[in-house]
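**Student:** Please read through the structure below; I'll follow up with questions.
The values are calculated or read from the model by the stated rules, or taken from the named source; none is laboratory data. Treat the numbers as computed from the prediction; the structure is a model and nothing was measured. When we count neighbours, we look across all protein chains shown, and the Cβ atoms used for this are built from the backbone with ideal geometry, even at glycine.
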Amino acid sequence: MNSYVTKASTVGSYTSSRDNLLDLFAKEGARARFVLNSCLNFFRSDPEQFDLVITDMTMPKMTGEALARKLLLIRRDIPIILCTGYSAAISKERARSIGIGEFVMKPIVIGKLARTVRRVLDGGNLLPK
């Protein structure tokens with residue numbers, strides 16, 4: 001099977017989620033990076049190196065929504081998956097209008113996330129209308 005990504009950036013604050021995500025990508029032979037701080041600067045330094053960004057909605061310095069908006073200003077076609085434990089924090093309609101490709105509800109189920117990653121990379125932004 002081909003890799004899910006050549007490089008993905010995951011943004012969040014939970015060690016177990018981070019480890020599970022990194023394991024998922026490593027098993028597929030993909031290079032993944034977990035960035036807790038300065039993700040925006042890391043992305044800005046070379047936005048074309050990324051195939052996908054997975055971010056958490058709730059983070060210490062900015063929301064996943066705010067990060068997605070900033071990333072999409074830098075590179076409009078970057079696929080973004082937003083993980084959230086609280087769906088009222090952002091609606092699917094607002095996410096779609098921003099350019100976020102998918103939601104993954106917490107707790108994260110790795111198999112579901114793997115299918116979501118594949119779908120987003122194969123078909124772009126797929127939030128239902």
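**Student:** Restricted to the stretch 95-105, and to residues that are modelled with pLDDT under 85 and out of contact with any Cys (no Cβ under 6 Å at 6 or more places or on another chain), which residue is surrounded by the fewest Cβ atoms within 10 Å (Cβ to Cβ)?
**Tutor:** MET105
**Student:** I'd like the residue in the stretch 89-103 that is part of a helix (DSSP H, G or I) and free of Cβ contacts under 8 Å to residues at least 12 places away in the same chain and, out of all such residues, is nearest to LEU52 (Cα to Cα).
**Tutor:** Per the criteria, the residue is SER97.
**Student:** Right, next: Kindly evaluate PHE25 against the criterion of being of a type in the set (Phe, Trp, Tyr), within 12 Å of the chain's Cα centre (by Cα), crowded, with 17+ Cβ neighbours inside 10 Å and modelled with pLDDT under 80.
**Tutor:** The answer is no for PHE25.
**Student:** May I pose another question? Just the residues that are in contact (Cβ under 8 Å) with a residue 24 or more places away in the chain and among the aliphatic types (A, V, I, L, M), please, taken from the stretch 67-88.
**Tutor:** Result: LEU67, ALA68, LEU71, LEU72, ILE74, ILE78, ILE80, ILE81, LEU82.
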